[in-house]
Amino acid sequence: MTELSKLSAAERATLAQELQARYDAFKAQGLKLDMTRGKPSAEQLDLATKLTVALGEADYKSADGTDARNYGGLDGLPEMKAIFGEMLGAPAAQVVVGGASSLQMMHDTVVRALLHGVPGSKESWGRGKIKFICPAPGYDRHFAICEHHGIEMITVSIDENGPDMAEVEKLVASDASIKGMWCVPKYSNPTGTTYSASVVRRLASMKAAAPDFRLFWDNAYAVHDLYEKSDELANVLSACAEAGNSDRAIVFGSTSKISFAGAGVAALAASPANIADVKKHSAIQTIGPDKMNQLRHVRFFKDYAGLVSHMKKHAELLRPKFEAVTEIFARDLGEKGVATWTKPHGGYFVSLDTLDGCASEVVKLADAAGVKLTAAGATFPYGKDPRDRNIRVAPSMPPLAQVKSAMDVVTVCVLLASLKKLGA
Ligand SMILES: Cc1ncc(COP(=O)(O)O)c(C=O)c1O
């Protein structure tokens, strides 16, 4: 394997011709492959089919006697709160179970803060210009919430330990208009990063110019391991409490990629003051969440251990797809000096970095050959990757054979775009 930049101009031209021929052959196949969004596959969803019949005719009461068919139970059934408490790292009393989407809970938490502030606020966040710190590459829908509501985004980089903490500490300490920070602390979307214990401690204890600064701790991939050994994530709520910043973190999660995507159960966990605030607002918004769905989930998983063991079946289906992606990248791009990629231990994505200025070209070339990739730039605030190099690869949904075909196309596109960049 030779680095492309070390080839002679003639060698590069020959290679470009060969690659173009392979690319044209792919194009002629009329492929239609979609690698855009991190959705579970049909096989993964099938694992939870019995959820739909988990409740018998007379089964509608939770352990404390709540009739799940009726209004009420604003913060969720006790059994469901216990499961999320273990998943999100909080006592059950500090959990509020919501509807089916954690993203909706994050969105609503932001909007309530804009309208009313949060515990510790002198005024609502919406009264002034506010900013959020956004580690990037990150989750496009977090960034969309900020953009939609006029919250300015400040990008910070992220490495294998988590966000660049020196930068985060400097920004948060010096600017009182920075009210929040998005964090996907375990198997981050898309880099697969799990924040180190030191990063969690620093986030919990750093000085914040805004007394009502919040970490939006989106633990979407808390139990989404690909391997037997799980990455360890320190408990942010305990770390915040120990640092005297009990109200700093709000932790979110859902069963979207455990049971059914968009038809699971979502929850948040936080300090008693934050929980009281959430309940105050949600009592206005709803008379109570869908407790029948909660009860179905409780019957199906039984407890947190049941949910974790269910995730091992997901891992069996997902691991070969992730390994196919990284093996094909290593086979075709290894030591060529034109790309780096992550090898995640969990979550839903592989993050591919091309040479600067090549990501949009790769996405365009792949699209023309029938392989849809997430739009270049999507993983950055405002959809703009300043180096135009990051591509989020989502291998979960298509069957393994399609993942392999799609990656065969992608690597040819990366090489073609790189050669063009290097002047072949
Ligand atoms: C980091 C992250 N958070 C949240 C979500 C969506 O969660 P939910 O289905 O609970 O709204 C996703 C889905 O891709 C995600 O990647």
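Any read-out appearing in this document is the output of simple, stated calculations on the displayed coordinates, not a laboratory observation. None of these values were measured; they are calculated from a predicted model. No Cβ is skipped: glycine too gets one built from the backbone with ideal geometry, and neighbour counts run over all protein chains shown.
Observations on the structure shown:
- GNM result for the chain, Cα springs below 10 Å: residue of A42, A220, A406 fluctuating most strongly: A42
- Potential lengthening between N70 and A305 on full extension [0.36 nm per residue; Cα-Cα distance subtracted]: 81.8 nm
- Placing unit charges on each Cβ (+1 for Lys and Arg, -1 for Asp and Glu) gives the chain a dipole about its Cα centre, and among S41, I287, L31 the Cα reaching farthest toward its positive end belongs to I287.
- Charge dipole of the chain about the Cα centre (unit charges at C-beta), most positive-ward option of G138, A378, T2: A378
- Assuming charge only on the beta carbon of Lys and Arg (+1) and of Asp and Glu (-1), the dipole of the stretch 176-274 about its Cα centre is about 260 debye to the nearest 20.
- For the residue pairs K61/K312; K313/K372; K27/K229; K61/K321, the alpha carbons lie more than 31 Å apart in K27/K229; K61/K321.
- Student exercise, the chain dipole from Lys, Arg, Asp, Glu Cβ charges, in Debye to nearest 20: 480
- Each of D225, D332 has some number of other Cβ atoms within 10 Å of its Cβ, and from fewest to most they run D332, D225.
- With θ taken as phi - 60° and the Karplus curve 6.51 cos²θ - 1.76 cosθ + 1.60 applied, the whole-hertz 3J(HN,Hα) list for the stretch 335-350 is 6, 8, x, 10, 7, 10, 8, 8, 10, x, 8, x, x, 10, 9, 10 Hz, x standing for glycine and proline.
- Maximal additional length on extending the E152-E18 stretch stands at 43.7 nm, based on 0.36 nm per residue less the C-alpha distance.
- Couplings for the stretch 152-158, taken from phi via the Karplus curve 6.51 cos²θ - 1.76 cosθ + 1.60 with θ = phi - 60°, read 6, 9, 10, 7, 10, 7, 9 Hz in order; Gly and Pro are left as x.
- Here the Gaussian network model covers the chain, with springs between Cα atoms less than 10 Å apart; of D247, D67, D218, D67 fluctuates the most.
- Highest mean first, the peptides 88-99, 129-140 sorted by other C-beta atoms within 10 Å per residue fall in the order 129-140, 88-99.
- P(r) for the chain, from all Cα pairs and a bin width of 20 Å, is 26, 53, 20, 2 %, short bins first.
- With neighbours defined as other Cβ atoms within 10 Å of a residue's Cβ, the residues E86, E160 order from fewest to most as E160, E86.
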